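The values are calculated or read from the model by the stated rules, or taken from the named source; none is laboratory data. Small disclaimer: the values here were computed from a predicted structure and weren't measured. When we count neighbours, we look across all protein chains shown, and the Cβ atoms used for this are built from the backbone with ideal geometry, even at glycine. Accessible surface is based on the protein model in full, side chains and every heavy atom, while ligands, DNA and RNA are left aside. Shrake-Rupley method; radii C 1.70, N 1.55, O 1.52, S 1.80 Å.
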Amino acid sequence: MNKIKGIYAASMSVFNSDLSLNTEKTLSHSEKIIDQGCHGVAIFGSTGQAQLISISEKIGLLNQLSKSKYKDKYLVGTGLNSLNETINLMNVASSLNFNDFLIMPPAYYKYGDKEVIDFYSRVIKAIPDSRIILYNFEKLCGYKFSIECVKELVKKFPKQIVGVKDSSYNLYEHLNIDNFSILPGSESKLLKGLELGCAGIITATCNVTAALSRRVYDDFIEKKEQKINDKLCNVRGIFEKFNLISGLHSFMSDEDEIYKNVLPPVSLLSQKEKNQLKEELNKLDFTLGSLKGA
């Protein structure tokens, strides 16, 4: 069984002016960032505004993705709080031969490790052929995975619990499990993570840093001198001064105005903020025109 590793973008979703999901352009966007350097993309993550997209639109996109030339490079995020809806969406994905999933525990309610283990146990019982990347992001769901919880899940389900996206950053420096993918949620953690044995990253800003991130990854694998890691980290740092989703859509809207469409309560940056973002990126010689190569 192939280990999930490399540079993954938490892919953006693209919306029409009536705020319906544009499946063709969302697919095209994901394929483009794979062409620019990503080993794969996570669809329906937080960057893709998954919690705000209807189930029917998600199913429509999954059908489109099943025809993609990069079909084997997708992680499917459930983006759902309901256990039954999570299982139902996974069933649809599985019927289209998608078996790799990125799953965050439900938001809103307070719970601990015991309840998290029960949640994933029920998912796996329903979809035993799934491969699951745990999504560790306390800021969004209110729960932060403990090392003990992850180890227990892997012990119980070694074939199904295959990795973790660590956006709370309490795991990647301390967790070490054989044949288990640890993927921090920021480019600034890429090189350090690789040095510690991590498998790569899954991040929002790889929608625009795919080429730079891939260069840092490849140089590490090939034991070459790191020449652009500082630039990669600085680009990430600039985007982190703003809401990442707002910043990405505002930045990409200069290439295609359709990126201006976001789902409420998400919004674009103000013109002042956008100007500040672009000005700081320009100082690093990082522009839309520079995205194709590193």
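From the list SER20, SER56, SER66, the lone residue that is farther than 19 Å from VAL123 by Cα, of a type in the set (S, T, N, Q) and within 19 Å of the chain's Cα centre (by Cα) is SER66. Can you find a residue in region 217-234 that is closer than 21 Å to THR47 by Cα, in a loop (DSSP other than H, G, I, E, B) and of a type outside the set (A, V, I, L, M)? Within region 217-234, none of the residues are closer than 21 Å to THR47 by Cα, in a loop (DSSP other than H, G, I, E, B) and of a type outside the set (A, V, I, L, M). Can you work out which of the residues in region 51-70 that are among the polar types (S, T, N, Q) and part of a helix (DSSP H, G or I) is nearest to THR26 (Cα to Cα)? Among residues in region 51-70 that are among the polar types (S, T, N, Q) and part of a helix (DSSP H, G or I), the one nearest to THR26 (Cα to Cα) is GLN64. Checked against the criterion of being at pLDDT 95 or above, open to solvent by 10 Å² or more (accessible area, probe 1.4 Å) and aliphatic (A, V, I, L, M), the candidates LEU52, LEU61 yield just one match: LEU52.
Would you be able to say whether some residue in region 179-188 is on the phi > 0 side of the Ramachandran plot, within 14 Å of the chain's Cα centre (by Cα) and of a type outside the set (S, T, N, Q)? Looking through region 179-188, none of the residues is on the phi > 0 side of the Ramachandran plot, within 14 Å of the chain's Cα centre (by Cα) and of a type outside the set (S, T, N, Q).
Looking only at region 71-89, filter to residues that are part of a loop (DSSP other than H, G, I, E, B) and of a type outside the set (Gly, Ala, Ser); which one of those is surrounded by the most Cβ atoms within 10 Å (Cβ to Cβ)? Only one residue fits best here, namely THR78.
Just one of the listed residues (VAL92, VAL116) is open to solvent by less than 20 Å² (accessible area, probe 1.4 Å) and under 27 Å from TYR143 (Cβ atoms), namely VAL116. Residues that are open to solvent by 30 Å² or more (accessible area, probe 1.4 Å), of a type in the set (D, E, K, R) and under 20 Å from THR287 (Cβ atoms): does region 205-224 have at least one? Looking through region 205-224, at least one residue is open to solvent by 30 Å² or more (accessible area, probe 1.4 Å), of a type in the set (D, E, K, R) and under 20 Å from THR287 (Cβ atoms). SER246 satisfies every condition listed in (1) polar (S, T, N, Q); (2) without any contact (Cβ under 8 Å) to a residue 40 or more places away in the chain; (3) assigned to a helix (DSSP H, G or I); (4) open to solvent by 20 Å² or more (accessible area, probe 1.4 Å) except (4). Can ASP100 be described as surrounded by 23 or more Cβ atoms within 10 Å (Cβ to Cβ) and in contact (Cβ under 8 Å) with a residue 12 or more places away in the chain? When the stated conditions are applied, ASP100 does not pass them. If you scan region 74-118, which residues turn out to be among the β-branched types (Val, Ile, Thr) and modelled with pLDDT of 95 or more? Passing the criteria: VAL76, THR86, ILE87, VAL92, ILE103, VAL116, ILE117.
Take region 30-64 and flag every residue that is among the charged types (D, E, K, R) and either touching a His at 6+ places or on another chain (Cβ under 8 Å) or farther than 23 Å from SER213 by Cα (or both). If the condition is that a residue be among the charged types (D, E, K, R) and either touching a His at 6+ places or on another chain (Cβ under 8 Å) or farther than 23 Å from SER213 by Cα (or both), then GLU57, LYS58 are the ones that fit. For region 161-177, a tally of residues being more than 19 Å from the chain's Cα centre (by Cα) and open to solvent by 30 Å² or more (accessible area, probe 1.4 Å) returns 4.
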